[in-house]
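Report on the following structure.
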Amino acid sequence: MDQRLADLLKQFDLERLEVNLFRGESRDIGSPQVFGGQVLGQALRAAYATIEGYVAHSLQAYFLRRGDFNAPIVYTVDRSRDGKSFSTRRVTAIQHGEQIFNCAMSFQRPEPGVDHQMSMPDVPPPEALRDTTRPPPEVIERLPAKMQAFLQRMRPFEFRAIAPLDYLNRRSSPAQRQVWFRAVDRCPDDDVLHRCLLAYVSDYSLLEVATLPHWDEYSKGRSFMLASLDHAMWFHRPLRVDDWLLYSIDSPSASGARGFTRGSIFARDGRLVASCARKD
């Protein structure tokens with residue numbers, strides 16, 4: 001297995017400290033704090049460790065404090081309710097004696113029902129697009145040192161954007177983006193793991209879409225402080241993160257120093273497998 005992916009999977013191999021208490025490793029991905037997707041995915045994994053026969057169908061998370069990537073994270077799971085069809089968990093992430101994150105999650109026993117969905121956007125297939133996981137070397141070398149360090153990090157996912165960002169000549173543009181993505185190697189056949197990995201990667205690309213209409217202001221010297229506030233996610237259908245998935249994102253609103261972004265995630269065959277929404 002590709003070492004980048006193997007290291008990511010290791011982060012989801014949580015250490016069980018007690019019946020409802022788990023510890024997960026942290027990683028530095030080049031950002032000032034723990035990557036939010038890491039905490040989302042690990043929290044979902046911790047909740048799954050306390051339940052059997054159910055699949056996660058939704059989560060609502062709040063980021064309370066910046067996480068320290070130099071320290072592990074402890075997850076406490078509250079077994080809020082176990083029902084015949086639905087069960088609920090509440091997970092709290094703790095570092096250095098303080099809560100940095102909490103999340104409510106709902107699980108459902110699989111059952112048949114009515115089925116409909118929106119159509120997948122008409123976009124070029126991933127094979128027709130170049131790898132946009134990082135900009136070309138000649139572009140990276142002209143960027144600020146901190147951005148260079150972030151963009152040069154090796155990622156466990158590959159990304160192919162429909163309209164790649166121009167890092168050297170950023171201009172305001174509509175608040176929407178479509179990106180194909182997949183894991184860099186084959187993952188185990190484990191539905192729980194694939195949902196946790198999707199929670200992880202769902203944190204990529206969302207935040208920046210809310211800033212796209214405002215780059216002209218940024219180029220004039222106005223600064224932005226970006227921080228994740230909350231992240232909601234709904235799982236609709238079975239999925240694999242090692243097959244190409246399309247992330248279709250837009251930002252309907254930004255006001256009061258907060259940006260709202262939502263995303264729809266489609267499988268290669270057009271199935272809507274998950275939806276996301278967040279405030280930054």
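The values are calculated or read from the model by the stated rules, or taken from the named source; none is laboratory data. Keep in mind it's a predicted model, so treat the numbers as computed, not measured. Virtual Cβ from ideal backbone geometry, glycine too; neighbours counted across all protein chains shown.
In this structure, residue 212 qualifies as out of contact with any helix residue (DSSP H, G or I) (no Cβ under 8 Å at 6 or more places or on another chain), buried (at least 17 other Cβ atoms within 10 Å of the Cβ) and more than 30 Å from residue 190 (Cα to Cα).
Residue 48 meets the conditions (1) of a type in the set (Phe, Trp, Tyr); (2) over 26 Å from residue 227 (Cβ atoms); (3) touching a Gly at 6+ places or on another chain (Cβ under 9 Å) in every case but one. The failed one is (3).
Each residue in region 131-158 was checked for being touching a Lys or Arg at 6+ places or on another chain (Cβ under 9 Å) and under 27 Å from residue 187 (Cα atoms), and 12 pass.
Of the residues examined, residue 238 is one that is touching an Asp or Glu at 6+ places or on another chain (Cβ under 7 Å), within 27 Å of residue 111 (Cβ to Cβ) and part of a loop (DSSP other than H, G, I, E, B). Going by what's in this entry, would residue 68 be described as part of a loop (DSSP other than H, G, I, E, B), farther than 15 Å from residue 102 by Cβ and modelled with pLDDT of 95 or more? No; evaluated as a whole, the condition is false for this residue. Among the numbered conditions (1) touching a residue at least 60 places away in the same chain (Cβ under 8 Å); (2) in contact with a strand residue (DSSP E or B) (Cβ under 8 Å, 6 or more places away or on another chain), the only one that residue 158 does not meet is (1). Only residues that are outside any loop (DSSP other than H, G, I, E, B), β-branched (Val, Ile, Thr) and crowded, with 17+ Cβ neighbours inside 10 Å: list them for region 18-55, please. If the condition is that a residue be outside any loop (DSSP other than H, G, I, E, B), β-branched (Val, Ile, Thr) and crowded, with 17+ Cβ neighbours inside 10 Å, then 39 is the only one that fits.
Can you work out which of the residues in region 78-120 that are of a type in the set (Asp, Glu) and outside any loop (DSSP other than H, G, I, E, B) is farthest from residue 63 (Cα to Cα)? Per the criteria, the residue is 82.
Pairing each residue of region 38-55 that is within 14 Å of residue 104 (Cα to Cα) with any residue that is among the basic types (Lys, Arg) and surrounded by 24 or more Cβ atoms within 10 Å (Cβ to Cβ), provided the two are 6+ apart or on different chains, yields C-beta distances under 6 Å for 47/89.
Scanning region 68-101 for residues that are surrounded by 13 or more Cβ atoms within 10 Å (Cβ to Cβ) and either aliphatic (A, V, I, L, M) or touching a helix residue (DSSP H, G or I) at 6+ places or on another chain (Cβ under 6 Å) (or both) yields 73, 74, 75, 77, 89, 91, 93, 94, 100, 101.
Residues that are touching a strand residue (DSSP E or B) at 6+ places or on another chain (Cβ under 7 Å) and at pLDDT below 95 within region 35-57 comprise just one, 36.
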